[in-house]
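Below is one structure, written out as structure tokens; comments come after it.
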């Protein structure tokens, strides 16, 4: 069985699902997009919601 420290140390770098840039956060995080892409998605959702009204 692999020690937990070795497991996390050997994980590959995470890449953003939207733009492909490397994400600089802990590997065990559930985030799949970098901060700029998350912000853009939130802004787009906000615009879409308020244009429908």
Handout entry: Calculated Kirkwood radius over Cα pairs in Å (choose from [x] 11.7; [y] 11.2; [z] 13.2), label
Key = [z]
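Starting from 0.36 nm per residue, how many nanometres of slack lie between residue 15 and residue 35 once their C-alpha separation is accounted for?
6.0 nm
Each value in this text was obtained by applying a stated rule to the coordinates, not by laboratory testing. Everything numeric here is computed off the predicted structure, so don't read it as measured data.
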